[in-house]
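Everything on this sheet refers to the single structure shown next.
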Amino acid sequence: MSEMTPAMQLEHWRMHTDESGIAWLTIDVADSAANTLGSAVLGEFAQILDLLERVPPKAMVMQSGKEAGYIAGANLEEYARIEAVADIKALVARNWGLFNRLEALPCPTLALIRGHCMGGGLEISLACRYRIAVDEPGTRLALPEVMLGIVPGWGGMLRLPRLVGPAAALDMMLTGKQIDARRARKMGLVDECVPPRVMESAARMLVLSGQPVRRAKGLQAWLNGPLKFVAAAGARKQVAKKARRENYPAPYAIIDTWQRFDGNCLNVPSDHPASLDHIFAQGTARNLVRVFFLQQRLKSLGKDSAFKARHVHVVGAGVMGGDIAAWCVQRGLTVTLQDQNIARIAPAMSRAAEGFSKKFRGDRKQVRFAMDRLIADPGGRGVAQADVIIEAIFENLEAKHALFRDIEARARPDAVLATNTSSLRLEDIRTCLQRPERLVGIHFFNPVARMPLVEVVEADGTDATVFARAMGFVHQLDKLPLPVKSAPGFLVNAVLGPYMLEAIRCVDEGMTPESVDAVMESFGMPMGPIELADTVGLDIAVATGKALTGASEVPDALAELVQAGKLGRKTGEGFYVWEDGRPRKERLTDRVPGLGQRLLEPLLMATQKCVATGVVADADLADAGVIFGTGFAPWTGGPMHYQQREQAA
């Protein structure tokens, strides 16, 4: 083998030729766990292209030198520092030109994709003649720019529809969904899907094969040409169901740029709503990048903990306890699930089996392995062996006291004792313990499998080691741990309580639930506050409302429904009639001026209070918690950030 780059000083790339004349180009970004395409990396890539254009090898294969993945995309920290739209356009123009040069190389090129291939990583791969995906669980391909409020502007909007057809391409670009290696091969995104042991030989054979370049055929080719308007209209209709253009311009910009400007965002006039000028002036892109970094901050919490749980004991096999147990099993842990008798545990076991079947796509062997790790334990024998014990029974202080007295007497002295309480204070629960400093809160949200946030709660005097273990445990579960202080409702419920109460007062005043919900759904909430109250359960809203809001009276509309036994989704009727798990919504009335601000105000004030009183350490953590714990409109950057911008406007 011979080095091809003796005259170049490369920090982030390596290149050599083998005996077949193939140049193997390896990206291995210095001082980074992942490969990202920052200015220095792409500057060196431009030098490599200069050489390949002057002295073309027989073929070129691009691969990663990282164990962690292929290319994770753009360097977002570098991108976030760019202020001027002109500089963003210059960045797009440079990389558009670089990837066009890669596509135009006189030798065949191949991307050997092993691990995560995201954003710019997929765009650079699309500029190669061939692609091979390594068949491993970690291999995922995606164009997730829309989730950051931006567009795949380095060639993705041009090349992906040509390769796989606009239907599949728009689906990927408008959702950010990740495609595994086998699915990528089936849809034509890659030419081959191979196991690791043969990846290099497969790359060598394909890049020298002279095989024609893949292109979408048949109807998909027509939809990428004369019938573009048909595919674009269908995509706009789907996007409109989920996102308003004024809040989320990027998905609409992707459709417009593909349909009307040949996938090149540099061709879009600056006064067009799909232009980079409009996207960055609107503000969502910067806010969604902010949300990304907030998420990364939460992901880093607990990451360095040496504590690794193996056995979890959950007490309470209701929906919440059962789903916590099932999630722990999915993350590879052994779980004992306790309740008063087998009959109470059985529904949770059944739900878990159904969930595992979906998770493992009907693979009976994997489902059986998972169910072997979920053990019905009505006698609570697992307490003595567990590393973490989670109480998830009903919100009754006396019942929790009796339970924790028994648990403390039988648990290992180093086990983490945790409560999943949503409204009671740790200080009140732990009075029954000989070592009250052992108790922490590990508060999950419903549905457990979908909600990423978990509040980790400490009170004054909580053992720091125990709290650190709890944070590490939540990180181990692939959840986002949010450290909070013990206070009624902690953070998430403390801000949701006043928000839902104000919405129910609006119904008391004669507004329809549909009209109240529609205002907040238009703002960007995943569901309106009335639907949320129905989903949580109106009896729970009454039981916790007074403690969380300080209100002395329950709104009439809420009290009447609870008295009639209409408790929301779980009884089939509350503010809405529920059919097949969905609320039946019919009666929209005229919008009430100022209603959106009225509904937001108590939520914003409660968030401010949680920061001011130290429930959360700072405003950024408050924003992260409310976004990932309630679904608060991500385009705003979070409630504290939103208030700041509104006050500055």
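Only the coordinates and a few stated rules stand behind these numbers; no lab work does. Predicted model, so just to flag it, every value in this text is computed and none were measured. Every residue, glycine among them, receives a Cβ derived from its backbone with ideal geometry; neighbour counts consider all protein chains shown.
Between Rg and the Kirkwood Rh of segment 493-648, both from Cα atoms, what is the Rg to Rh ratio?
Working: Rg = 15.3 Å, Rh = 15.9 Å.
Rg divided by Rh gives 0.96.
Summing +1 for each Lys or Arg and -1 for each Asp or Glu, what net charge is found among the other residues whose Cβ lies under 11 Å from the Cβ of residue 46? Let's see the in-between values first.
Working: positive: 94, 101; negative: 44, 50, 53.
Around residue 46, the charge tally is -1.
Taking the alpha-carbon distance from residue 228 and a cut-off under 14 Å, which aspartates and glutamates remain once sequence neighbours fewer than 8 residues away in the same chain are dropped?
Candidates past the 8-residue exclusion: 256, 262.
Can you give the angle from 0 to 90° between the axis of helix 39-54 and the longest principal axis of the chain, with both taken from C-alpha atoms, to the nearest 10?
20
Taking H placed 1.01 Å from N in the peptide plane, check which residues at least 5 places from residue 454 or on another chain put their amide H under 5 Å from its amide H.
480, 482
For segment 397-504, which trypsin sites (Lys or Arg not before Pro) are in a loop by DSSP, counting at most 16 other Cβ atoms within 10 Å?
Details: sites: 400, 405, 410, 425, 430, 438, 450, 469, 479, 485; in loops: 425, 450, 479.
The qualifying sites are 450.
To the nearest whole percent, what portion of all C-alpha pairs in segment 311-486 is separated by more than 24 angstrom? Intermediate values should be presented prior to the final figure.
Values: 4649 of 15400 pairs.
Of all Cα-Cα distances in segment 311-486, 30 percent exceed 24 Å.
Taking 45 Å as R0, compute the FRET efficiency from the Cβ-Cβ separation of residue 402 and residue 296 and round it to 0.05.
Values: r = 42 Å, r/R0 = 0.92.
Calculated value: 0.60.
Using 21 Å as the Cα-Cα cut-off, could you pick out the over-long pairs in 177/358; 299/485; 479/609; 485/609; 177/237; 308/479? The partial results should precede the final answer.
Values: 177/358 18 Å; 299/485 19 Å; 479/609 25 Å; 485/609 13 Å; 177/237 19 Å; 308/479 14 Å.
Violating the 21 Å limit, Cα to Cα: 479/609.
Relative to the longest principal axis of the C-alpha atoms of the chain, give the angle of the C-alpha long axis of helix 464-476, reported between 0 and 90° and rounded to the nearest 10°.
Compared with the principal axis, the helix lies near 50 degrees.
For segment 187-259 and segment 495-528, write down the distance between their C-alpha centroids in whole Å.
Centre-to-centre (Cα) distance: 39 Å.
Could you rank the peptides 127-136, 112-121, 207-216, 534-543 by their average count of other C-beta atoms within 10 Å per residue, with the highest value first? Please report the intermediate quantities before stating the final value.
On the way: 127-136: 23.4, 112-121: 26.3, 207-216: 14.3, 534-543: 20.9.
Result, highest mean first: 112-121, 127-136, 534-543, 207-216.
Show me 247-256, 193-202, 67-76 ranked by packing, highest mean number of other Cβ atoms within 10 Å first.
Values: 247-256: 23.8, 193-202: 15.2, 67-76: 21.1.
Highest to lowest by the protection proxy: 247-256, 67-76, 193-202.
Which residues does the label zone of residue 107 cover in segment 116-146, counting backbone N under 14 Å from a point 7 Å along Cα→Cβ?
Flagged as within label range: 129.
Angle, helix 85-103 long axis vs. longest principal axis of the chain, Cα atoms, 0 to 90°, nearest 10?
Helix 85-103 and the main axis of the chain meet at about 50 degrees.
I'd like the distance between the alpha-carbon centres of segment 81-151 and segment 416-447, rounded to an integer number of Å.
When both Cα centres are located, 47 Å separates them.
Can you give me the C-alpha center-to-center distance between segment 55-77 and segment 305-350, rounded to a whole angstrom?
42
Distance in nm between label sites at residue 341 and residue 414, each 7 Å beyond Cα in the beta-carbon direction?
3.9
How many Å³ per residue does the convex hull of the Cα positions in the chain occupy? If you can, show how the numbers build up before the last one.
Details: hull volume 116.5 nm³, N = 649.
Measuring per residue, one finds 180 Å³ for the Cα hull of the chain.
I'd like the chymotrypsin sites (Phe, Trp or Tyr not before Pro) in segment 415-493 restricted to DSSP loop residues with at most 15 other Cβ atoms within 10 Å, sorted by number.
On the way: sites: 444, 445, 467, 473, 490; in loops: 444, 445, 490.
For chymotrypsin sites (Phe, Trp or Tyr not before Pro) across segment 415-493 that sit outside H, G, I, E and B with at most 15 neighbouring Cβ atoms in 10 Å, the list is empty.
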